[in-house]
Amino acid sequence: MLLAVDVGNTNIVIGLFGGTNLLANYRLHTNWQITADEIALDIQGLLAMRGWSLPSIKGMVLGCVVPPLVYPLTRFADRYLQLAPLVVGPGTKTGIPILLDNPKELAADLIANAVGAQARFGAPVIVVDFGTATTFSAISARGEYTGAVIAPGMKMALDALFLQTARLPRVEIVEPRRVIGKNTVEAMQSGIFFGFVGLATEIIQRMQDDLGHSTPVVATGGLSVSIGPFIPLINTIEPNLTLEGLRLIFERNQPVSAS
C-alpha cells in the first residue's frame, strides 16, 4: 500500500492506496508538537480498524505546508516503515511546468491539486480548494501552472469575526436556512456562506475570462462538499483530489524499470 499524507494548517489528511484505488482516507487535527512516535500510534490505530498494519505500507508520499512537521513525519517513515518518503517540493517531478516568479513558493497541496485535476479533466482547468485558505489554481491549455488566487478560508473569516468583535459569537459553518438572518448566528452564517459563494463565483468568472469560458472547474478541500453545490460554475467536487495528486506525483518519481 501507498501512504499519502497531506499536511495542512488545520488538518492532516491521510490516504491509503492499493495501486490506483483509494482504499481509505482519514482526517486528523494538525498538531505542531506531534512526535514521530505519536504519528505511528495514530496511523497504526487507523490501520488496525481495517485489519492492516504498518508493514503493509510499502511507500509514502508527503505534501506538507507546515514545515515543522516535515521532520517528525519523515522520522516516522524511517523508524516505523523503514523507508524514505517522497517529500513534494522543489525538484520533485510533477509533469507540470510552474510559471511563477518563484516556483519554489508554490505549496505542495496546490501542486498536488493541479496534477490530480489535469490527469482527471485535462487542460485547461481551474481548481478551487476550500480549506484553511480558499485557493484558486489556474492550469493553462498547455498544462502549465500559470498562477493562483489566495483568499481567506471560510473558518478563518468566521474566527476573525469572533476574535475581532466584542459581542459576535463563534459559530459553525452550515448552510443557512435563509439569506436574511433573524438572529446574530443566522446573520453571521449567511454572510460567510453566501459571501464566499459570491467570492468564488466572481474569481472563477475572471479566471475563465483568461483561460477560456469553457474551462472546467473542480472543487476540493474540507468545505467543498458544503459550499460547492451552491456555485453553478463548479463542474465537479472531488474531496480527495489532493491525495490523488500526491499518488500521481509518487508514481512519476519512481525509477523506470528496464524492459
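No lab work stands behind these numbers, since they all come straight from the coordinates. Given the structure is predicted, the values throughout are model-derived calculations rather than measurements. Heads up, the Cβs are rebuilt from the backbone with ideal geometry, glycines too, and the neighbour counts pull from every protein chain shown.
Details
- Check: the chain dipole with +1 on Lys, Arg Cβ and -1 on Asp, Glu Cβ, in debye: 300
- Value of [θ]222 nm, deg cm²/dmol, for the chain, DSSP H segments ≥ 4, -39500 (n - 2.57) each, nearest 500: -10500 deg cm²/dmol
- Summing Lys and Arg as +1 and Asp and Glu as -1 over all other residues whose Cβ lies under 15 Å from the Cβ of LEU99 gives a net charge of -2.
- Backbone N under 18 Å from the VAL179 label point (7 Å along Cα→Cβ), restricted to segment 191-217: 191-203
- Legend: ranking of residues THR220, THR30 from fewest to most surrounding C-beta atoms inside 10 Å; resulting order THR30, THR220.
- Of all aspartates and glutamates in the structure, those lying under 14 Å Cα to Cα from LYS155, and not within fewer than 8 positions of it along the same chain, are ASP129, GLU172, GLU175.
- Simple point charges give the picture: +1 on the Cβ of Lys and Arg, -1 on the Cβ of Asp and Glu, and for segment 103-240 a dipole about the Cα centre of about 340 debye.
- Angle of helix 36-48 to the longest C-alpha principal axis of the chain, folded into 0 to 90 degrees and rounded to 10: 90°.
- Counting charges near VAL149 (Lys, Arg +1; Asp, Glu -1) among other residues having Cβ under 12 Å from its Cβ returns a value of -2.
- When THR165, THR134, THR242 are sorted by how many other C-beta atoms sit within 10 angstrom of their C-beta, beginning with the fewest, the order is THR165, THR134, THR242.
- Here segment 1-151 is assigned +1 on the Cβ of each Lys and Arg and -1 on the Cβ of each Asp and Glu. Its dipole about the Cα centre then comes out at about 360 debye.
- Three-way shape label, segment 53-119, alpha-carbon gyration tensor, a/c 1.5: prolate
- The Cα-based radius of gyration of segment 6-117, divided by its Kirkwood radius, gives an Rg/Rh of 0.96.
- Here the residues MET188, MET156, MET1, ranked from fewest to most Cβ neighbours within 10 Å of their Cβ, fall in the order MET156, MET1, MET188.
- Translational D in µm²/s for segment 123-259 (Stokes-Einstein at 37 °C, 0.692 mPa s, Kirkwood Rh from C-alpha pairs): 199
- Qualifying chymotrypsin sites (Phe, Trp or Tyr not before Pro) for segment 1-105 [loop in DSSP, other Cβ within 10 Å: at most 13]: TRP32
- Per residue, the convex hull spanned by the Cα atoms of the chain amounts to 152 cubic angstrom.
- Whether segment 53-179 is rounded, prolate or oblate, judged on the alpha carbon gyration tensor where a/c under 1.5 counts as rounded: oblate
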